[in-house]
Amino acid sequence: MSVLGEQEAVLPEVDPQRPSVARIYNHLLGGPHNFAVDRHAAAAARAAMPELPEILRFNRQFLAEAVRLAAEAGIEQYLDLGCGIPSDGDGYDVARRLRPRSRIVGVDLEPVAFVHGRRRVAGDPNADVLHADVLDAAGVLASPPVRDLIDPARPVCLLLVSVAHFIPDTARLSAALDAYRTAVAPGSLLAITHACRKESSPRVEQVRRVYSNTTAPMVTRDAGETAALFGDWPLLPPGVAAMGQWCPAPGRSSASGIAANASLAGVARRT
């Protein structure tokens, strides 16, 4: 049996009766790797907030912007925490287009994300996908994929995009991010997006109720709480701001509307 086959064989069974955050995300972006229960949950969430697919597209735009900033800074190592199910415009896709020789490790606890991720990178010696909980920073950092591909003496781009609002335990999330920040070299970047509490409304609460029945309940945090996740790393302009400020409309300094303001985003650099 191949190494990939061995790792797939020990994965926990996929539960097709319980919606998965990663599979819902995949469906809302038009991907095929989801089940009927995920599509049903996605439809309920979209009925409560029709802007949801656009919100996810803003997250993808920000992800591309964060990877672009890293590439322009000469960074060629990426640790994509909560990488999700492979699709066009994800971290691997953007990094490969901007820096073809980049070393990339994706991390996800969703078995479907791991299996399809490993299949995509099977012929790529500079990429791998790890089946792990991003909160287990020590385990992630000590894993063979990270040890083999990520040089801690050189800057790394840490990506936590559309993930933190599915981690309600702030203390554990902060501790994990502290460990990741400590492990990487000066010049490294950390990019985070987060559902914004400022935009909480009855519609947002309906979406949260939908996600409460999935593999990961959804929480919201305000700008201050989101900024705290970056620790003492200096934030790049415009700081922790609405997604529309990070992903402006063509010819404009910012984008507006519910989708543009539903999430916060930020990038910080280790000095």
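Read-outs throughout are calculated quantities, based only on the coordinates presented, and are distinct from any laboratory measurement. Small disclaimer: the values here were computed from a predicted structure and weren't measured. A quick note on method: Cβ atoms are made from the backbone with ideal geometry, for glycine too, and the neighbour counts reach across all protein chains shown.
Could you work out Rg/(2.2 N^0.38 Å) for segment 143-235, with Rg from alpha carbons only?
Here the answer is 1.24, to two decimals.
Quick check of the Kirkwood formula: for segment 28-80, what is the inverse mean of 1/r over all pairs of different Cα atoms, in Å?
13.2 Å
Over the chain, what number does the Rg to Rh ratio reach, with both radii from the alpha-carbon atoms and Rh per Kirkwood?
We get a ratio of 0.94 for the chain.
With each run of n ≥ 4 DSSP H residues scored as -39500 (n - 2.57), what mean residue ellipticity at 222 nm is computed for the chain after dividing by its residue count and rounding to the nearest 500 deg cm²/dmol?
Rounded to the nearest 500, the figure is -12500 deg cm²/dmol.
Taking only Cα atoms and a 10 Å spring cutoff, compute GNM fluctuations for the chain and point out the largest among 183, 142, 227.
142
Karplus couplings for segment 205-216 from phi (6.51 cos²θ - 1.76 cosθ + 1.60, θ = phi - 60°), rounded to Hz, Gly and Pro as x?
Those phi angles translate into 5, 5, 5, 4, 5, 4, 6, 5, 9, 9, 5, 8 Hz.
If N is the number of residues in segment 26-158, what value comes out of its Cα radius of gyration divided by 2.2 N^0.38 Å?
1.09
I need the trypsin sites (Lys or Arg not before Pro) found in segment 127-214, filtered to DSSP loop residues with at most 13 other beta carbons within 10 Å of theirs.
none
Kindly write out, for segment 73-89 in residue order, the coupling ³J(HN,Hα) from the Karplus curve 6.51 cos²θ - 1.76 cosθ + 1.60 (θ = phi - 60°), rounded to whole Hz, with x marking Gly and Pro.
Those phi angles translate into 7, x, 6, 10, 9, 10, 10, 9, 8, x, 5, x, 6, x, 6, 4, x Hz.
Ordered by residue, what ³J(HN,Hα) values in Hz, to whole numbers, does segment 28-37 give under the Karplus form 6.51 cos²θ - 1.76 cosθ + 1.60, where θ = phi - 60° and Gly and Pro are x?
Result, rounded to whole Hz: 5, 8, x, x, x, 9, 7, 10, 4, 5.
Expressed as a whole number of Å, what is the distance separating the alpha-carbon centroids of segment 68-134 and segment 141-173?
12 Å
Which residues' amide hydrogens lie under 5 Å from the amide hydrogen of residue 231, considering only partners 5 or more residues apart or on another chain, with H built in the peptide plane?
So residue 231 has HN proximity to no qualifying residue.
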